[in-house]
Amino acid sequence: MLRSLVGSEMCIRDSERAKAQFASGIFVLSDQNCTGDSAQEDARAIMRTLAICRWRPAARVNVVTQLVLPTSKEHLASQPRVCCVCADEMKLLMLAHSCLDPGLSTLVCNLLTSVKPFKDEQNQDHWSVEYENGAANEIYRVSLSRSIQFCESEVSFRTAAAEIFKEQNCVLLGVEIDGEVMLNPQSYALQPEDTLLVIATSSKVAQKAAEWVLPEGVTPRMASKKSRQQDLNEALDMFQRNKTAPSATPPSEKTNTERQEWQRELLELAGAAAENCEANPLEALQTVASQIQVLSDKAHAASRSVRCDTDHHVLLIGPLHNVPFFAEAVLQSAAVKQETVLITVLHPNQAGLDVLEQTLRRSSTALYGQSHEAGPGSVRLVRGSPLVEAELKAAGVVSATSLVVLSSATPNSEGHEYLVDAEAIMIAAKIRSFFPGQAHLVYPHLIVELVWTTNISMLDDLVVPEASHFSGALFASGSIYSSAVVDYMACQAYYNPLIIGLLTELMDAGRCGDKKKHRNKLQQVLVSAHFVGKTYGVLFNALADVGYICMGLYRMAGTHCSPNNYVSTNPEVNSIIIAGDRAYVVAPS
């Protein structure tokens, strides 16, 4: 039941009239798309929260407060049982990491939302079924039963993770101890009073995972010693290869032309896969996927040669106030991955760019073309309009590996709020014009922020009207970020107050000089050819044995007749690994 009352949370009498003293949770919402001063909007939310903290029973009620700016959180840090959800911080963290690890924003969104798979077996492709089944997964908190009988020797987190995945197809992500989250503590011995963080399709399945029993005298089943050792060696090599950056190549017009030609071949192969799937699905899939991997590697190598000396080139289009935090997150992620990146900011306002340059200098961010100490990369500021072809070319749209278009909050008349996404949609259409023949842009990776979820269908014509807005091919590939994700985070924070800290821990990687810089980090790694043709369960166990927890796969265009790359969250144990698959893994504590 929804009840609306006129009143003010600053007035105790109004709060009592709303029965706030009996509430199990209180949400303080702010305008995430305010066209005015974001600091003022946060100030209002902070004052409302402080007013609530005066009269609420502090030991009983959780307060979830939405903020816009990351710096506003410190004003509520001392308030007990107050969870702050910062829109800009979470958005920019996800988008920054998605530039280097495509699809990460979709993976996080899938874990925050409750989406039931849309069942239409006659019209749905295999890739769509796999994606939607993965999107049904969420993060649950479940307590270990005190009656669980462990074997005589201690049960480590590593052993439990492998067995729970095998028996329940659940991912044991971490352990909550005394209000603190430990992500992937490999050597930690589980205790009956611990609370587990589990990725599962339902609370019932998660509870079954918590009731997992390893009877006394029974050891986990293992593959043969020779096969197991080979899997371990290949799993370790995956991370060594991903840490080795290829050497730079001089720029040339030839390599740029070759890169565009390889992109066209890539899309032709994806189309061939869709045509041949019905005749001979497995053979067509394996053949085309291996060819796609070769072409993708060539295209990536060619794109690096155009950028001269970086592994990644990120082109950012959007409001300038987001740039410092975004750049910091991208550079920090590149440093952890031991890769280099060039961030190009395209904006038509020269005065705004001058102010931004001074801000970046004060934060010691390296600027392109100026002498600075060796680091993970630099920021280049370019004046120009993203709707003008020549100025987009000057910013390097053709040589970019990732293109990020942020929505600009602009005032709209009442009843036409959906037009807030108009500029972002037009810019995305302009960028697509540089890559003809790609109905769904596969490479480079384009990420567009949309405020209104209904506008997703404006970019993705494969969204089924009866299904979720998040079921389309572009969202599945990580090419669309929805601002509604922050609202889902606030709802999840009511049930699990530690969810915000957990997600920040996964993506933050210790920004701002944190001493815990190189601890847990969600990464994406290319799956070794050794695992191609084997099951996802074999890959999961091999990664777990070397200390990494696998959360899902990022699969290439053409896999199961998909028109684009797509995220598969926590796939089935028997899913077959295809050439070109990339794994999302959590590093050990």
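The values are calculated or read from the model by the stated rules, or taken from the named source; none is laboratory data. All of these numbers come straight from a predicted model, not from anything done at the bench. All Cβ positions, even for glycine, are placed from backbone atoms using ideal geometry, and neighbour counts span all protein chains on display. For the accessible areas, the whole protein counts, side chains as well, though only heavy atoms, and no ligand, DNA or RNA atoms are used. Shrake-Rupley method; radii C 1.70, N 1.55, O 1.52, S 1.80 Å.
Here are some notes:
- Within-14-Å neighbourhood charge of His347 [Cβ basis; K, R +1; D, E -1]: -2
- Fully extending the segment from Asp125 to Ala18 would add 33.6 nm, taking 0.36 nm per residue of separation and subtracting the current Cα-Cα distance.
- Solvent-accessible area, 1.4 Å probe, carbon plus sulfur percent, for the stretch 1-90: 54 percent
- Formal net charge of residues neighbouring Gly318 (Cβ-Cβ distance under 13 Å; K, R +1; D, E -1): -3
- In this simple spin-label model, placing a label point 7 Å from the Cα along the Cα-to-Cβ direction at both Ala351 and Ser203 gives a separation of 5.4 nm.
- Linear extension gain, Cys491 paired with Glu167, 0.36 nm per residue minus alpha-carbon span: 113.7 nm
- Measuring r between the beta carbons of Asn574 and Ala422 and using R0 = 45 Å, the FRET efficiency lands at 0.50.
- Subset of Lys91/Lys337; Lys208/Lys337; Lys91/Lys208; Lys73/Lys521; Lys91/Lys204 violating a 28 Å alpha-carbon distance limit: Lys208/Lys337; Lys91/Lys208; Lys91/Lys204
- Extension gain for Asp31 to Arg432 (0.36 nm times residue separation, less C-alpha to C-alpha distance): 141.2 nm.
- 3J(HN,Hα) along the stretch 180-194: 10, 9, 10, 8, 6, x, 3, 8, 5, 8, 5, 10, x, 8, 6 Hz, from the Karplus curve 6.51 cos²θ - 1.76 cosθ + 1.60 with θ = phi - 60°, whole Hz, x for Gly and Pro.
- Per-residue Karplus couplings for the stretch 354-361, computed as 6.51 cos²θ - 1.76 cosθ + 1.60 with θ equal to phi - 60°, are listed in order as 5, 5, 4, 4, 5, 5, 5, 5 Hz, Gly and Pro entered as x.
- Scalar couplings 3J(HN,Hα) for the stretch 87-101, obtained by applying the Karplus form with A = 6.51, B = -1.76, C = 1.60 to θ = phi - 60°, are 4, 5, 4, 5, 4, 5, 4, 5, 5, 4, 6, 5, 5, 9, 10 Hz; x denotes Gly and Pro.
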